[in-house]
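Every number here is computed from the coordinates shown, using simple stated rules; none is lab data. The structure displayed is predicted, hence computed values, not measured ones. Please note: Cβ atoms are built from the backbone with ideal geometry, for glycine as well, and neighbour counts cover all protein chains shown.
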Amino acid sequence: MRALAHFAGRLEPRLERVVEVGGGPCVVPILALCAATSHSPRSIAFTDISSANLAEVERWLRGEPTGFSYRGVLDWLSREHGVHAARIEQLARAGE
């Protein structure tokens, strides 16, 4: 995750569109990207072959209580990049 964040933080111009192929039910790479760059891509295309995986990501996007909690990852990213955890999550959700 550090390598992804380091790479993303050095990109010029900033990423406008992100495509996550076969993301599974995990949005950690998108969270890491948002933490490293302190901004949200204009659009994020998240794909997976499994409808169950996509449904899990949708639950997270809607902030449903049954959605997976990325609190541990967000706290770590916050410490690594100096961006508040809630802000990272907000940036990742904004790129819907």
Query raised in the report: How many residues are charged (D, E, K, R) and free of Cβ contacts under 8 Å to residues at least 12 places away in the same chain when one looks only at region 53-86?
Result: 6
Query raised in the report: Just a yes or no: is a residue in region 35-42 hydroxyl-bearing (Ser, Thr, Tyr) and under 10 Å from the mean Cα position of the chain (by Cα)?
Result: yes
Query raised in the report: Of all the residues that make up region 47-87, how many are among the β-branched types (Val, Ile, Thr) and buried (at least 17 other Cβ atoms within 10 Å of the Cβ)?
Result: 3
